[in-house]
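The values are calculated or read from the model by the stated rules, or taken from the named source; none is laboratory data. Because the structure is a prediction, the values reported are computed rather than measured. Heads up, the Cβs are rebuilt from the backbone with ideal geometry, glycines too, and the neighbour counts pull from every protein chain shown. The protein model used for the area step is the full one, side chains on, heavy atoms only, and it has no ligands, DNA or RNA in it. Shrake-Rupley method; radii C 1.70, N 1.55, O 1.52, S 1.80 Å.
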Amino acid sequence: MTTIVSVDATDVRFPTSATMDGSDAMNKDGDYSAAYVVIRTDDPELSGFGFTFTIGRGNDICVLAARLRGRPLVGRSVEEVVGDLGGTYRELKSDSQLRWLGPDKGVEHLALAAVMNAVWDLAGRVAGKPLWRLLTDMTPAELVDVADLSYLSDVLTRDEAIGLLAELAPTRERRVAELSGTGYPCYTTSAGWLGYSDDKLRRLCQEAVDSGYRHIKLKVGADLAEDVRRLRIAREVIGYEDAQLMIDANQVWDVPQAIEWVGGLAEFKPLWIEEPTSPDDVLGHAAIRRAVAPIGVATGEHGMNRVLFKQMFQAEAIDFCQLDAARLASVNEIVAVYLMAKKFGVPVCPHAGGVGLCELVQHLSVFDYVAVSGSLEGRVTEYVDHLHEHFTDPCVVREGAYVLPSSPGYSARMHEESVAAYTYPTGAYWAAATTATA
């Protein structure tokens, strides 16, 4: 029997604010960060790795919460924990005192995501399978057993969920073979950060097109005239026929302002407007969607839990669901959102802008196509070309598509050297930066 001996959490921060990577109208100076969790066992060759994503200050709070969330796992057998992934999830989330701090939202939910991401990574390593394969090898009933369907029975029952998955079960391997050849389509946000100069924007858009991308996203929302100029530059490079352009406001507008602003950018024919207002405003998103059509409305990276997504679907508030692998409570809750999206006919295009999120969501998108949606129509997953060098199993993108990951686990493990250098505030990078400014 292999035993879990500790659940460690570390505050890892990367200085992305120095280069304006990640800059947008709401988040101007983020330092992309991870509350990084390692589940260690008494087998030195076996650990589980996971994280949740933040943008700097407050990451230490997530670290503390993750340590509390992971404490019940210490002393348990690995076989018990990964042998009942639904039961492990339900046990950890049922801590009523920690739940009170949410419930199912905020820091305590981010922390649960970090710990359960590490549990799922551990499960993949034990099975010798990448996470997407671990999931697609499960039967419909097994997948529904791990899914968090609480508070969802008014729109999705257990029997319905099994039925949705059973439809595609006989043809899963056909789609695995297809993706093995083509990869899963992705779009790039790397060209579109708000803090970039016009010359850099033009150069990066051209590089994206030359690299095979057919979907490019730009940040908007700080100044309408600036947005018009930047979108014009992007369209001059990518054209109107062969590439889609998406725009992302990162929550900066009220509902009427969003409708007016998107109208001012409609000439550039964006595929979607992302996060046009408060991520919690279900009816506001519905109003925006009605007003800006045929431009689509996308949101979800700050979608706090499956219940919010249920309401978004019920209210016909979004055209694209952008769930986040580190804000929802890991795979258990994510599977539930995918199933609802399938029922309501909404394509899922996961958010992946932050450190390590591309590594995670590639698995989720493959799982969706193979086992849940069976379709690539309207589906494209975000890719941002930075910080991958810090991971031992970084995602690989070729010709605008994710290559299927092949290593066991959830692709969440960081190089020990990266963790040592960027641990805040004692790591080599941050200690040197403190000395330089002293």
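Quick look at the values:
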{"quantity": "Given (1) surrounded by 13 or more Cβ atoms within 10 Å (Cβ to Cβ); (2) over 20 Å from T299 (Cα atoms); (3) without any contact (Cβ under 8 Å) to a residue 40 or more places away in the chain, index of the condition L165 fails", "calculated": "(3)"}
{"quantity": "Residue ID - surrounded by the fewest Cβ atoms within 10 Å (Cβ to Cβ), chosen from residues in segment 382-426 that are in contact with a Lys or Arg (Cβ under 7 Å, 6 or more places away or on another chain) and among the small types (G, A, S)", "calculated": "G400"}
{"quantity": "Total residues in segment 256-274, condition free of Cβ contacts under 8 Å to residues at least 40 places away in the same chain and open to solvent by 30 Å² or more (accessible area, probe 1.4 Å)", "calculated": "8"}
{"quantity": "The listed residue being in contact (Cβ under 8 Å) with a residue 40 or more places away in the chain, surrounded by fewer than 16 Cβ atoms within 10 Å (Cβ to Cβ) and either over 24 Å from I39 (Cα atoms) or β-branched (V, I, T) (or both), out of T182, T189", "calculated": "T182"}
{"quantity": "Strands (runs of 3 or more DSSP E) contained entirely in segment 161-279, each with at least 3 residues that are within 20 Å of A401 (Cβ to Cβ)", "calculated": "184-188, 215-219, 244-248"}
{"quantity": "Filter result for the condition that a residue is touching a residue at least 40 places away in the same chain (Cβ under 8 Å), in contact with a strand residue (DSSP E or B) (Cβ under 8 Å, 6 or more places away or on another chain), open to solvent by 10 Å² or more (accessible area, probe 1.4 Å) and more than 22 Å from T423 (Cα to Cα), over S47, S77", "calculated": "S77"}
{"quantity": "Residue list for segment 1-49, restricted to those being small (G, A, S), at pLDDT 95 or above and under 30 Å from A249 (Cβ atoms)", "calculated": "S33, A34, A35"}
{"quantity": "Filter result for L339 (crowded, with 18+ Cβ neighbours inside 10 Å and closer than 23 Å to A177 by Cβ)", "calculated": "no"}
{"quantity": "Qualifying residue in segment 60-80 (condition: more than 20 Å from the chain's Cα centre (by Cα), at pLDDT below 95 and among the polar types (S, T, N, Q))", "calculated": "no"}
{"quantity": "Matching residues, segment 95-146, being charged (D, E, K, R) and either assigned to a helix (DSSP H, G or I) or open to solvent by less than 20 Å² (accessible area, probe 1.4 Å) (or both)", "calculated": "R99, D104, E108, D121, R125, R133, E142, D145"}
{"quantity": "Residue list for segment 36-56, restricted to those being closer than 24 Å to E359 by Cβ and not in a strand (DSSP E or B)", "calculated": "D43, P44, E45, L46, I55, G56"}
{"quantity": "Residue check, T171 in contact (Cβ under 8 Å) with a residue 24 or more places away in the chain, among the polar types (S, T, N, Q), under 30 Å from A9 (Cα atoms) and open to solvent by less than 70 Å² (accessible area, probe 1.4 Å)", "calculated": "no"}
{"quantity": "In segment 195-216, the residues that are under 22 Å from the mean Cα position of the chain (by Cα) and open to solvent by less than 40 Å² (accessible area, probe 1.4 Å)", "calculated": "A208, Y213, I216"}
{"quantity": "Segment 209-236 residues that are among the hydroxyl-bearing types (S, T, Y), paired with ones that are part of a strand (DSSP E or B) (beta carbon under 7 Å, 6 or more apart)", "calculated": "Y213/Y187; Y213/T188"}
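Here's the yes/no breakdown for (1) in contact (Cβ under 8 Å) with a residue 60 or more places away in the chain; (2) over 17 Å from A147 (Cβ atoms); (3) open to solvent by 10 Å² or more (accessible area, probe 1.4 Å):
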| site | (1), (2), (3) |
| --- | --- |
| F320 | no, yes, yes |
| A325 | yes, no, no |
| L328 | yes, no, no |
| V348 | no, no, no |
| L357 | yes, yes, no |
| V370 | yes, no, no |
| L376 | yes, yes, yes |
